[in-house]
Amino acid sequence: MVEQISVFIDNRPGRLAELCNIIGRNGVDIRALQLVEAGEFGLVRMITDNNEKAMALLKNAGMSFRKGEVLGVLMEDKPGSLGLIASILSDASINIEYAYAFITKIEKKAILILKVNDLEKAIKVLKLKGVSILENI
Amino acid sequence: MHKTVEEIRKSQGKLLVKNVKYSWDNIPYYKQKMKEAGVKPEDIKGLEDISKIPFLSKADLRHHYPYGLIATPLDKVVRFHSSSGTTGVPTVVPYTKKDIENWAELNKRCLETVGATNKDIVQVSYGYGLFTGGLGLHYGAERLGAAVIPTSSGNTMKQIKILKDMKTTTLACTPSYALMLSELMKANDVKIETLSLKRGVFGAESWSENMRKRIEKGLGLEAFDIYGLTELCGPGVGIECSEHNGLHTWSDHFIVETIDSEGNKTDFDGEGKGELVFTTLQREAMPVLRYRTKDLSSVTWEECACGLPHPRIGRITGRSDDMLIVRGVNVFPSQIEEVLMELKGVGDHYQIIVDRDILDCLMVKVEVTNEIFSDSISELITLENEIKKRLFEMLSLSVEVELVEPGQIPRPEGKAKRVVDLRKDM
């Protein structure tokens, strides 16, 4: 399981830059990030190399955020691997609420971040099929 | 002071004396209020004694909902109207047959003042129903002998067709609806030359000179402001004449005074500035004595070039309370706060913004605190919709809701400015 921080931001120019600067200028590295918009507001989901410090910085900046746990999966960076993981989950009737993926420094590997409706069950079925679950990224 | 003015004020005094006695005899609450103030009907000998009479507020009326202040037996009542106010308890106003006739007469006079005659075709696009606007102008126009087209509000394309095909000469509606008609005409390439409009009677909302210009240009008519309050009868209390320099209030039906925020009389010999206070002189079912309108304006008996011997009030410049009038609906910021407070974590930081595009729009910005923040977009949208739904239930008005980051609502001197009204300069 991987810790993720979600932050509420207004959907207007400059807000993402400001948010990233708050974190980046204080030496916290954003390892993964997803930006979603819903009309006049948006949501940033991110995984950093120092979540405690990132949260302290956000709190200090007066922002609304929440820490949560998501599923981190290491997968092959090749056609079909995302489909395979999705199928394993769907066969077990697990719903994916959202997901984002990115390639890594490890050669031929990609990381998939998943939010599912049943985290424990998902870990169990994925492990059974030999998928490697990450503790951090 | 002009001789006739003196005479008019003297006869107002006579009607006042009669009305005070009538109210004392027939409305227990008025009697109680006057007793508490140490006033008896015989203390009121003329207009000069009016300041001895205690004020009546909207809260008094609401407190006696629905039948508590009716002066006549219920079988004399032929009609009820109710204020557009949505502060929980509405203000119910009863009318006897005579009250309805008088009300029609006042609206007839208003229409005459703006130049309408029995040859005119009057389209009443005010809402019909509990709201007084539609029926008030309807009865006035009929009494004048004009032809009434009772379209009520809404269905704007159809209204434009009627304006055009039926050659409407006189339009009665809210100023924002007039503007909406003109915008829709423009959008559909309906030229004002195809219309027969001469004049419009617009009220139930405050509007500026700029808005008057836009309406006049957009509809090709002369725009007149009409004043009224449900508590006094509805529309027909005051009307602009062709001088467009204040609204004449009918002196045989109303006494108008002004007071300051402490309730001290600020008009002397009929001249003054402040909150308007009205006393009805001929109402049977529910006379009102010194009703505080909360509308800020001025009053003058100075002779008007039009020749009407009725005092004029200035256009309403604001409110002495924080009530907002949005699309003709009375909205108190406290009602919005109440709704927000019901939802956990929502009501701490919010801002109410009123603007006018064509119609008034009401927007509420709510800061998303950690407490209500969710990682799920759908949950946030659900929250937004829930706030909208509850505000609609409270206000009967659709409100835009916007979730914003914490700290986005300015807090001058540590305290948030709760209400921003951007309509002022329009």
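Count the net charge of all other residues whose Cβ sits under 12 Å from the Cβ of A:Phe102, scoring Lys and Arg as +1 and Asp and Glu as -1. Surrounding charge for A:Phe102 is +2. The mean of 1/r over all distinct Cα pairs in segment B:291-339, once inverted, gives the Kirkwood hydrodynamic radius of 13.3 Å. Ranked from largest to smallest solvent-accessible area, with a 1.4 Å probe on the protein heavy atoms, B:Arg143, A:Arg15, B:Arg62 come out as B:Arg143, B:Arg62, A:Arg15. For segment B:326-421, DSSP calls about 50 percent of its internal beta bridges antiparallel. Among B:Phe131, B:Phe55, B:Phe392, the largest mean-square fluctuation in a Gaussian network model of chain B (Cα springs under 10 Å) belongs to B:Phe392. When B:Glu216, B:Glu367, A:Glu76 are compared by accessible area of protein heavy atoms, the largest-first order is A:Glu76, B:Glu216, B:Glu367, using a 1.4 Å probe.
Looking at chain A from every direction and averaging, what is the projected area of its Cα convex hull in nm²?
Result: 8.9 nm².
Of all the Cα-Cα pairs you can form in segment B:72-156, what percent are over 17 Å apart?
Of all Cα-Cα pairs in segment B:72-156, 53 percent lie more than 17 Å apart.
Of the two radii for segment B:117-244, the radius of gyration is 0.93 times the Kirkwood radius, both from the alpha carbons; that is the Rg over Rh value. For a paramagnetic label modelled on B:Lys119 (point 7 Å from Cα along Cα→Cβ), amide N atoms under 20 Å away belong, within segment B:144-165, to B:144-149, B:164-165.
What the pair-distance distribution of segment B:326-421 shows, using all Cα-Cα distances binned every 10 Å from zero, is 16, 51, 29, 4 percent.
At what distance in angstrom do the alpha carbon centres of segment B:161-218 and segment B:337-405 lie from each other? Spelled out, the Cα-based centre of one part sits 33 Å from the other. Between A and B, buried accessible area from a 1.4 angstrom probe totals roughly 1600 Å², ignoring ligands, DNA and RNA.
In the context of the full protein assembly, B:Lys191 retains an accessible surface of approximately 100 Å², using a probe radius of 1.4 Å and ignoring ligands and nucleic acids. For B:Leu343 and B:Lys213, the FRET efficiency from 1/(1 + (r/R0)^6), where r spans their Cβ atoms and R0 equals 60 Å, is about 0.90.
Simple spin-label estimate for B:Phe392 and B:Lys40 gives 5.8 nm between the two label positions (7 Å along the Cα-to-Cβ direction from each Cα). Remark: accessible surface ordering of A:Met1, B:Met363, B:Met185 (largest first) is A:Met1, B:Met363, B:Met185, probe radius 1.4 Å.
The fraction of accessible area contributed by carbon and sulfur in chain B is 52 percent, rounded to a whole number (1.4 Å probe; ligands and nucleic acids excluded). With the whole protein complex present, B:Glu262 retains an accessible surface near 150 Å², based on a 1.4 Å probe. If R₀ is 60 angstrom, what is the calculated FRET efficiency for the pair A:Asp49 and B:Gln32, using the beta carbon separation as r and rounding to 0.05? Efficiency for this residue pair is about 0.20. Calculated on the alpha-carbon coordinates, the convex hull of the protein assembly as shown measures out at 205 cubic angstrom per residue. Cross-link pairs exceeding 26 Å between alpha carbons, from the set B:Lys40/B:Lys97; B:Lys217/B:Lys365; B:Lys161/B:Lys388; B:Lys35/B:Lys265: B:Lys40/B:Lys97; B:Lys217/B:Lys365; B:Lys161/B:Lys388.
Averaged over its residues, how many other protein chain Cβ atoms are within 10 Å of peptide A:7-13's Cβ atoms?
Across A:7-13, the average partner-chain Cβ count within 10 Å equals 4.
Counting only other chain Cβ atoms within 10 Å of each residue's Cβ, the peptide B:371-382 averages 5.
Would you mind telling me which residue in B:Thr194, B:Thr280, B:Thr169 has the biggest mean-square fluctuation in a Gaussian network model of chain B, where springs connect alpha carbons within a distance under 10 angstrom? Maximum fluctuation in the GNM of chain B, among the listed residues, is at B:Thr194.
Note down the relative contact order for chain B as a percent, whole number, built from C-alpha pairs under 8 angstrom at least six residues apart.
13
For the protein assembly as shown, DSSP calls about 75 percent of its internal beta bridges antiparallel.
Cα-based radius of gyration for chain B, normalised by 2.2 N^0.38 Å, reads 1.04.
Counting heavy atoms of the protein chains alone, B:Glu393 has an accessible area of about 120 Å² for a 1.4 Å probe. Of all aspartates and glutamates in the structure, the ones whose alpha carbon falls short of 15 Å from that of B:Lys158, not counting any fewer than 8 places away in one chain, are B:Glu183, B:Asp189.
The values are calculated or read from the model by the stated rules, or taken from the named source; none is laboratory data. In this text, all values refer to a predicted model and were calculated from it rather than measured experimentally. Quick reminder, even Gly has a Cβ in these numbers, built from the backbone with ideal geometry, and neighbours come from all protein chains shown. The protein model used for the area step is the full one, side chains on, heavy atoms only, and it has no ligands, DNA or RNA in it. Shrake-Rupley method; radii C 1.70, N 1.55, O 1.52, S 1.80 Å.
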